[in-house]
Amino acid sequence: MKKVARLFQIKTKVEVFLITYPLALGAVKRGQEYMVQYPGKIGWLFLALTCGAVFLASAKMLQAVELQQMFGQE
């Protein structure tokens, strides 16, 4: 069971970057769809928000990995 649980844990910064890349691709794709659905400034705003959400999530994951490496596992 521990081996299966390990598949869903992020332990290194490289893993965070590997997860962030497809999230960013999906966010840009969704942002492009918003630009088609909502032309003009609101479409650009939605594009920025979807990309910004990925940046915030990535920063939080990096911070969590650093803290886990610093303080160890619980």
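The values are calculated or read from the model by the stated rules, or taken from the named source; none is laboratory data. It should be emphasised that the depicted structure is a prediction, and the values quoted were computed from it without experimental measurement. Methodologically, a virtual Cβ is constructed for each residue, glycine included, from the backbone with ideal geometry; neighbour enumeration extends over all protein chains shown. SASA here: full protein model, heavy atoms, side chains in, ligands and nucleic acids out. Shrake-Rupley method; radii C 1.70, N 1.55, O 1.52, S 1.80 Å.
Answer yes or no as to whether Met61 is more than 30 Å from Phe8 (Cβ to Cβ) and either β-branched (Val, Ile, Thr) or in a helix (DSSP H, G or I) (or both).
no
Spot the failing condition for Ala59; the list is (1) among the aliphatic types (A, V, I, L, M); (2) exposed (fewer than 14 other Cβ atoms within 10 Å of the Cβ); (3) in contact with a Ser or Thr (Cβ under 6 Å, 6 or more places away or on another chain), and only one is missed.
Among (1) among the aliphatic types (A, V, I, L, M); (2) exposed (fewer than 14 other Cβ atoms within 10 Å of the Cβ); (3) in contact with a Ser or Thr (Cβ under 6 Å, 6 or more places away or on another chain), the lone unmet condition for Ala59 is (3).
Among residues belonging to region 10-47 that are outside any helix (DSSP H, G or I) and in contact with a helix residue (DSSP H, G or I) (Cβ under 9 Å, 6 or more places away or on another chain), point out the one that is modelled with the highest pLDDT.
Within region 10-47, the match that is modelled with the highest pLDDT is Tyr38.
For region 12-26, name all the residues that are under 9 Å from the mean Cα position of the chain (by Cα) and open to solvent by less than 60 Å² (accessible area, probe 1.4 Å). Step through it out loud before you land on a result.
Filtering region 12-26 down to residues under 9 Å from the mean Cα position of the chain (by Cα) leaves 16-17, 19-24.
The answer is Val16, Thr20, Ala24.
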